[in-house]
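Readers should treat all values here as calculations from the given coordinates under stated rules, not as data from a laboratory. The model shown is predicted, which means the values in this text are computed figures rather than measured ones. All Cβ positions, even for glycine, are placed from backbone atoms using ideal geometry, and neighbour counts span all protein chains on display.
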Amino acid sequence: MDLRNKFQAFVLMPGIIMLVAWMLYFIFTLGKTNYQGVIPVIAAPLIICWVCNPFFEINEYKEMFYEDADMPLKDKIMKYIPTLAGYAVTTIGIAVCALIMHHG
């Protein structure tokens, strides 16, 4: 796994998930954020992308970042649309969890 793929797997993916989840959380709370809602927005993507994916989705993870390592990012996105849809659902789940913690 070269540096470019490590960046995609461990920095870019959690960063995008955090950003989108934070934007959803910010919109639904009308800008009134608190630390109880921000903590899951930061922690959940890191746990998912740094711990869960390399260990629990090992086959898909190896295929995406090891076997298809030389594939351009655009082609990876087109090939792994179902996986990225799963990340989108995860992002929505993180935002909902943050909203629950915000109002709870």
**Message:** Of the listed values [x] 58; [y] 53; [z] 81, identify the label whose number matches percent of Cα pairs over 16 Å apart calculated from this model.
**Reply:** [x]
**Prompt:** Got a sec to turn the phi values of region 31-43 into Karplus ³J(HN,Hα) couplings, 6.51 cos²θ - 1.76 cosθ + 1.60 with θ = phi - 60°, whole Hz, x for Gly and Pro?
**Reply:** x, 9, 7, 9, 5, 5, x, 7, 4, x, 5, 8, 6
**Prompt:** So between residue 39 and residue 77, what do we pick up on full extension, going 0.36 nm a residue minus the alpha carbon distance?
**Reply:** 10.9 nm
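Which chymotrypsin sites (Phe, Trp or Tyr not before Pro) from region 14-80 combine a DSSP loop assignment with at most 15 other Cβ atoms within 10 Å? Don't skip to the end; give the middle numbers.
Numbers: sites: 22, 25, 26, 28, 35, 50, 55, 56, 61, 65, 66, 80; in loops: 80.
Passing both the DSSP loop test and the Cβ count: no residue.
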**Request:** Would you list, by chain and number, the lysines whose Cα falls below 24 Å from the Cα of residue 74, excluding same-chain residues fewer than 8 positions away?
**Result:** 6, 62
